[in-house]
Amino acid sequence: IAPYLILDIGRVYRRGYQLPLVTHLAYLRYFAENKEDRANADESILQEFLQKIVVEREMLLPFIQEYADMPGMEAVADKTFVSYKTVPKSRVVIHYLKNDEAEEGLGYSREEMKEVYFGVYVKDFVLFYGEELQYYITEEQDNMEQLTESGILQKDENREFGKESRYQLINEMA
């Protein structure tokens, strides 16, 4: 999206127009991905959009982590996200196993992923430094499971949020 369109979203919103949720997401995502342009963002609009998306609608999308330094968003700093895109209203299941569970011989845990926006499914985890999470995602249709994605997650040790998160001190001891 062109930067001038994003800035127009802010201007139109400031004039009191009700904008669709997708424009809130576009505004937030743009400034999350283009940190060099964030000085041009209206911080109060960012805060209002985050309030509507994260607090009111409980839509935790991976790019929201870029706002962990803003008031009320500290909890997202501790999260690691798996995001998956498919057809809306699908039954998407994530199967996951942490490295300590694997060492104990435990099997994969299974959990249905939450559809946070049309066809976008997200599951968040709290991982500590050194902890790994193996996962695979299946889609279920007509009583059949189809493996669609797999991977390994680790806590990003290089990620800095400017504030101490709830688990940062524990991670520093690890």
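The values are calculated or read from the model by the stated rules, or taken from the named source; none is laboratory data. Everything quoted here is computed from the prediction, not taken from an experiment. Counting neighbours? That spans all protein chains shown, and the Cβs are built from the backbone with ideal geometry, glycine included. In case anyone asks, the SASA skips ligands and DNA or RNA and just uses the protein heavy atoms, side chains included. Shrake-Rupley method; radii C 1.70, N 1.55, O 1.52, S 1.80 Å.
Couple of notes before you dig in:
- Of all the criteria given as (1) closer than 27 Å to ASP78 by Cβ; (2) aliphatic (A, V, I, L, M); (3) touching a strand residue (DSSP E or B) at 6+ places or on another chain (Cβ under 9 Å), the one not satisfied by VAL22 is (1).
- Scanning the range 90-118 for residues being in a loop (DSSP other than H, G, I, E, B) and either touching a residue at least 40 places away in the same chain (Cβ under 8 Å) or within 30 Å of PHE31 (Cβ to Cβ) (or both) gives a total of 3.
- Filter pass, LEU25 being open to solvent by less than 30 Å² (accessible area, probe 1.4 Å), closer than 30 Å to HIS95 by Cβ and either in contact (Cβ under 8 Å) with a residue 12 or more places away in the chain or under 13 Å from the mean Cα position of the chain (by Cα) (or both): yes
- Among the residues of the range 123-134, not a single one is under 22 Å from the mean Cα position of the chain (by Cα), open to solvent by 90 Å² or more (accessible area, probe 1.4 Å), among the aliphatic types (A, V, I, L, M) and at pLDDT 90 or above.
- Within the set SER44, SER83, SER90, the sole residue that is among the small types (Gly, Ala, Ser) and open to solvent by less than 40 Å² (accessible area, probe 1.4 Å) turns out to be SER90.
- All positions within the range 54-80 that are of a type in the set (A, V, I, L, M, F, W, C) and open to solvent by 60 Å² or more (accessible area, probe 1.4 Å): VAL55
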